[in-house]
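Asker: Below: one structure in C-alpha cells.
Any read-out appearing in this document is the output of simple, stated calculations on the displayed coordinates, not a laboratory observation. What you are looking at is a predicted structure, and each value in this text was computed from that prediction instead of being measured. Note that we place each Cβ from the backbone using ideal geometry, even for glycine, and neighbour counts take in every protein chain shown.
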Amino acid sequence: MFDPPKPVASEVFATLPAKYRKPRRTAWADANHSGAELDCYIEGPAFDRDGNLYFVDIPFGRIFRASPSGAIDLVAEYDGEPNGLKVHPDGRIFVADYRNGVLVLDPATGKVTPVVDRFRSERFKGVNDLFIADDGTIYFTDQGQTGLHDPTGRVFRLTSAGSLQLFLGGIPSPNGLSLNADGTALYIAVTRANAIWRAPILADGTTTKVGLFIQLSGGIGPDGMAVDEEGGVVVAHVGLGVTWRFDAMGRPTHRIDAIVGQRPTNVAFGGADGRTLFMTESTTGSILTARLPVAGRRTLPG
C-alpha cells in the first residue's frame, strides 16, 4: 500500500538515576499495570526556554528535569499522578494530572497549583495529556479507564480567558493530542481504538465531521505525538516499541525502534536545529533520542 518507512536509529540520552528508584506497588499501577511493582513510569517530555527537558513520573507523583547534558534532578514530588506536561508560550509549565486535573508547576519551588479540577461541578475521569496552542488555548484529554467497552472519554478546551468547554466526547481512551500545522484540526491519539482521529476546529472553537486519520495495528495503541514543520505527525506507539512518523497526508515515512524497552510513550522535538526527537521509554525510565529530517513545528516556548 505504501513504501516501507525508513528505519531511524535511536540511542539513550539519559536514564533515571538509581537513587530515584524504589520498586513498589501503587494504586495507579494496580489499575493500569496489573499490580506490577514499578520503580518509575515516565511520560510527558517538554522543553523550557533554557533547553531543559521536563518529564513526569506518574505513579510516584514526581516531575523531573534533564539538563542539556542529560543530568537529571527532581523538581517536584507531590500527592498526585502527573501524566502529561507542556510548556506554555509564556514559559509557564502546565501538568495534566490523572487525579487532580490540570495544574501549573513552579519549577523554582516545586509547588503545583490547580488550574481546573472539574467540569460543571463534576470531577474528571482522569486527565491524561495536554497541548497548548500558540494563542494559549489548552486542549486536554480526560481518559480515565475508558476504552472500547466504555467509549466515554473526552477532550476539553480551556481558553486563555479561562473558559472551560467540552470539545469532544464519546472517545474510547483519548490520550496524546496535537494541533495540525496550521491549527485547523486537532489530532487525538485514541489508544484503545489503536487510531489517530482528526477533529476539524471551526471558527467558534467547536468541532464537526470528526474522522479517522490513521489506523494502527499491534501493540496497545498510540500515546503521545508531535507535529513537525511539514505537517508530519510523529506518534509513540505503546507496546510495539516503535515511534512512527507520518507525513501530512497520513502516509508512513519513518520508523524509530526503541533501543531499550517496548513502551515509548511520548515525544518532543529539541536540539540545536529542532530535528532531534526525544522519546520517553516508560518502563526503563529512559529518554531516547533519534535524528529526523524535519524539525518540530515549535521546539521551544517564546
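Asker: Would you compute, from DSSP H runs of 4+ residues alone, the mean residue ellipticity of the chain at 222 nm, taking -39500 (n - 2.57) per run and dividing by the full residue count, rounded to the nearest 500?
Answerer: -500 deg cm²/dmol
Asker: Rounded to whole Å, give me the distance from the Cα center of region 184-242 to that of region 38-92.
Answerer: Answer, in whole Å: 23.
Asker: So for region 24-80, Kirkwood radius off the Cα pairs, Stokes-Einstein at 25 °C and 0.890 mPa s: how many µm² s⁻¹?
Answerer: Stokes-Einstein gives a translational diffusion coefficient of 203 µm²/s.
Asker: Sticking with this one: Given a cut-off of under 8 Å on Cα pairs at least six residues apart, what relative contact order in percent is computed for the chain?
Answerer: Answer for the chain is 16 percent.
Asker: Then there is this: To two decimal places, what compactness ratio does region 193-302 give when its Cα radius of gyration is scaled by 2.2 N^0.38 Å?
Answerer: Normalised by 2.2 N^0.38 Å, the Cα Rg of region 193-302 equals 1.08.
Asker: If you don't mind, there's one more thing I want to ask. Enumerate the residues in region 92-110 having an amide nitrogen under 11 Å from the point lying 7 Å beyond the Cα of Asp30 toward its Cβ.
Answerer: Under cut-off, by backbone N: nothing.
Asker: Under a GNM of the chain (C-alpha, springs under 10 Å), which listed residue has the highest mean-square fluctuation: Ala133, Ala199, Ala226?
Answerer: For the chain, modelled as a Gaussian network with Cα springs under 10 Å, the answer is Ala133.
Asker: Distance between the C-alpha centers of region 110-128 and region 244-302? Whole Å please.
Answerer: A separation of 28 Å, based on Cα centres.
Asker: Can you tell me how much longer the chain between Glu229 and Asp182 gets when fully stretched, taken as 0.36 nm per residue apart minus their C-alpha distance, in nm with one decimal?
Answerer: 15.9 nm
Asker: Given +1 on the Cβ of Lys and Arg, -1 on the Cβ of Asp and Glu, and no further charges, what dipole in debye does region 6-291 carry about its Cα centre, rounded to the nearest 20?
Answerer: 480 debye
Asker: Along the Cα-to-Cβ line of Asp135, 7 Å from the Cα, sits a label point; which residues in region 175-194 have backbone N less than 19 Å from it?
Answerer: So the set is 178-187.
Asker: Can you give the FRET efficiency for Asp50 and Ser217, using 1/(1 + (r/R0)^6), R0 = 45 Å, r = Cβ-Cβ distance, to the nearest 0.05?
Answerer: Efficiency at R0 = 45 Å is approximately 0.65.
Asker: For Lys22 and Asp3 in one chain, what is 0.36 nm times their gap in residues minus the Cα-Cα distance, to one decimal in nm?
Answerer: Gain on stretching Lys22 to Asp3: 2.4 nm.
Asker: For the chain, take the alpha-carbon Rg, divide it by the Kirkwood Rh, and send me Rg/Rh.
Answerer: Here Rg/Rh amounts to 0.93.
Asker: For Asn100, what is the net charge nearby, where nearby means another residue's Cβ is under 10 Å from its Cβ and Lys, Arg count +1, Asp, Glu -1?
Answerer: Counting the neighbours of Asn100, the net charge comes to -2.
Asker: With springs only between Cα atoms under 10 Å apart, run a GNM on the chain and tell me which of Gly162, Gly274, Gly147 wobbles the most.
Answerer: For the chain, modelled as a Gaussian network with Cα springs under 10 Å, the answer is Gly162.
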